[in-house]
Amino acid sequence: MSASGSPPTKPATRVVDAGNIEFGDGLEILLSTVFQAAEPGQTIDVTTASRATALELPGWARSTGHHAERDWKEHNGNGQRFVVRLRRGDVVPVLGPDLPPPSDPMPLRLGSQFHTTDLISAAPGGIPSSAQPNHGLVPLGAIPETGGPDYAWRLNTHDDLWAEELTDLTERASSSQWDATTDIPWNEAIGLPEEVERAVAQVMTFIASNEYVALYVPAKFLPQVNPAFVDVLMWLASHINDEARHVEVFTKRALVGGQRGYALAATQLSLHSLLQEDDFSSASLLLNVLGEGTFIDLLGFVARNAPDAATAACARLAHRDEQRHVHFGISHVRRSQKLDPDSTRQLIAAVEARAARLATLTGLSPVLLESLTVLASGSVSAAALRQGAGAVKELTKLMETNRIRRLRAAGFDKETSHYLSELHTPNLM
């Protein structure tokens, strides 16, 4: 009963026009967006021009934890239409707490500059004085999904690591190349439609998680290199500096619009397996050739399809850095096989071993696929989603083609290149 003594009112039925799109062309993403915004128990009337879609909607509802209130019916408003009433179930797409409501956009200086100092001071939750040693690669402000593996970090107290003006020193280091504070038009990221900004925040959170491992892998090998090999040390240091800047820029883009994303458990599992490789050449194949090589295609996709200039700039500048890393990996792996033909078997075994550890992963998280589609669509209209879904399908084909091309350039024969490409993690990195 309400305070006045009358029973609480039920949420009004929502009406969603699916236009002419069908399942597989973006309809499921449109419905997911609508149902995510609805309250449990709320009814939703889906109108469609397709009789086949109307017949499929009740089955889709049951398979996704929702309910069909009634079968489809014809309705002759403007031409023949079909209406199916569905009811939102009490289901969540991610095994984690609900994302908090959007906050105010992060503070910008001089209208467009997003300083790292401001990110640290204004980020949701702030920097803790101590951190859990078993937490995964969760970007600042992200909500961890349950089900990821336990990690075992050694340095877990902030005072043991912090220094005066630490964030300013970090920004000075990045300014020698491109600057994640001043070289991105951050003001262009403000004001996107909520559904689009939420999708961008999720994609950026996913990329930031992967950039963490691209930083940790070369950093892992840096203290093992003899100081006589100063060229290798300088390369690894530049690689680490690039990746630290990528973590910075993609975390900024994830949070600048006020939305937040999930650090997905499947991503954590995949990245954890990459950290387990102890051989330098095998790590170069897994990270530089396969992982960062595939990420070049992802970053190119984001740059081409970004709904705002800030997102496009983040992806374009990171893409430029990653090209150097991939070139190194291809050259190193090719030279390793030329000097020691027996190393080919070891490299193949490394890919096979990682694939075996990730046997439970069958594809990208649906949460990420939906976000990529909405990002490419620029809206959740039926026509835009059809185009965005098509762009994502083309991206997966491009990734496979280019992965094989890079493996051939790294010295593997055609059959082996196809085999290793098929084994590569669906997490992309």
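Looking at (1) in a loop (DSSP other than H, G, I, E, B); (2) surrounded by 14 or more Cβ atoms within 10 Å (Cβ to Cβ); (3) not hydroxyl-bearing (Ser, Thr, Tyr), which is the one condition that is false for residue 84?
Among (1) in a loop (DSSP other than H, G, I, E, B); (2) surrounded by 14 or more Cβ atoms within 10 Å (Cβ to Cβ); (3) not hydroxyl-bearing (Ser, Thr, Tyr), residue 84 violates only (1).
I'm trying to understand the selection: among the residues of the stretch 401-429, which are touching a residue at least 12 places away in the same chain (Cβ under 8 Å) and in contact with a Ser or Thr (Cβ under 6 Å, 6 or more places away or on another chain)?
Residues satisfying the conditions are 403, 404, 407, 425, 427, 428.
Among the helices (runs of 4 or more DSSP H) lying completely within the stretch 310-429, list those that include at least 3 residues that are more than 18 Å from residue 286 (Cβ to Cβ). Steps first, answer last, please.
On the way: elements: 343-357, 366-377, 382-409, 414-423.
Per the criteria, 366-377, 382-409.
What single numbered condition from (1) at pLDDT below 85; (2) exposed (fewer than 13 other Cβ atoms within 10 Å of the Cβ) fails to hold for residue 100?
(1)
Hey, can you tell me all the residues within the stretch 8-67 that are of a type outside the set (A, V, I, L, M), surrounded by 17 or more Cβ atoms within 10 Å (Cβ to Cβ), under 27 Å from the mean Cα position of the chain (by Cα) and in a helix (DSSP H, G or I)?
28, 32, 33, 35, 60
Starting from residues that are among the β-branched types (Val, Ile, Thr) and under 22 Å from residue 198 (Cα atoms), keep the ones in the stretch 110-150 and report whichever is modelled with the lowest pLDDT.
Let us first name the residues in the stretch 110-150 that are among the β-branched types (Val, Ile, Thr), namely 116-117, 120, 127, 138, 143, 146.
Keeping just the survivors that are under 22 Å from residue 198 (Cα atoms) gives 116, 120, 138, 143, 146.
Numbers: 116: 86, 120: 85, 138: 87, 143: 87, 146: 82.
It comes out as 146.
Quick one: residue 277 ticks every box in (1) closer than 21 Å to residue 148 by Cβ; (2) over 16 Å from the mean Cα position of the chain (by Cα); (3) in a helix (DSSP H, G or I) except a single one, so which number is it?
(3)
Residues of the stretch 118-156 being part of a helix (DSSP H, G or I) and either under 15 Å from residue 253 (Cα atoms) or outside the structural domain of residue 275 (by TED's automatic domain parsing) (or both), which ones? Quick ask: steps written out before the conclusion?
The first filter runs over the stretch 118-156 and keeps only residues part of a helix (DSSP H, G or I), leaving 118-122.
118, 119, 120, 122 - these are the residues of the stretch 118-156 that are part of a helix (DSSP H, G or I) and either under 15 Å from residue 253 (Cα atoms) or outside the structural domain of residue 275 (by TED's automatic domain parsing) (or both).
Assess whether residue 127 counts as being exposed (fewer than 14 other Cβ atoms within 10 Å of the Cβ), farther than 30 Å from residue 17 by Cα and among the hydrophobic types (A, V, I, L, M, F, W, C).
It is true that residue 127 is exposed (fewer than 14 other Cβ atoms within 10 Å of the Cβ), farther than 30 Å from residue 17 by Cα and among the hydrophobic types (A, V, I, L, M, F, W, C).
Condition first: within 23 Å of residue 94 (Cβ to Cβ), in a helix (DSSP H, G or I) and in contact (Cβ under 8 Å) with a residue 40 or more places away in the chain. Can you find one or more residues in the stretch 257-266 that meet it? Working first, answer last.
Looking only at the stretch 257-266, we keep the residues that are within 23 Å of residue 94 (Cβ to Cβ), and these are 257-266.
Retained after the next criterion (residues that are in a helix (DSSP H, G or I)): 265-266.
Remaining after also requiring in contact (Cβ under 8 Å) with a residue 40 or more places away in the chain: 265-266.
Yes, there is a match, as at least one residue in the stretch 257-266 is within 23 Å of residue 94 (Cβ to Cβ), in a helix (DSSP H, G or I) and in contact (Cβ under 8 Å) with a residue 40 or more places away in the chain.
Does residue 232 fit the bill of being among the aliphatic types (A, V, I, L, M), assigned to a helix (DSSP H, G or I) and touching a residue at least 24 places away in the same chain (Cβ under 8 Å)? Working first, answer last.
Numbers: among the aliphatic types (A, V, I, L, M): yes; assigned to a helix (DSSP H, G or I): yes; touching a residue at least 24 places away in the same chain (Cβ under 8 Å): no.
Answer is no for this residue.
The values are calculated or read from the model by the stated rules, or taken from the named source; none is laboratory data. None of these values were measured; they are calculated from a predicted model. Ideal geometry is used to build each Cβ from the backbone, glycine not excepted, and the neighbour counts take in all protein chains shown.
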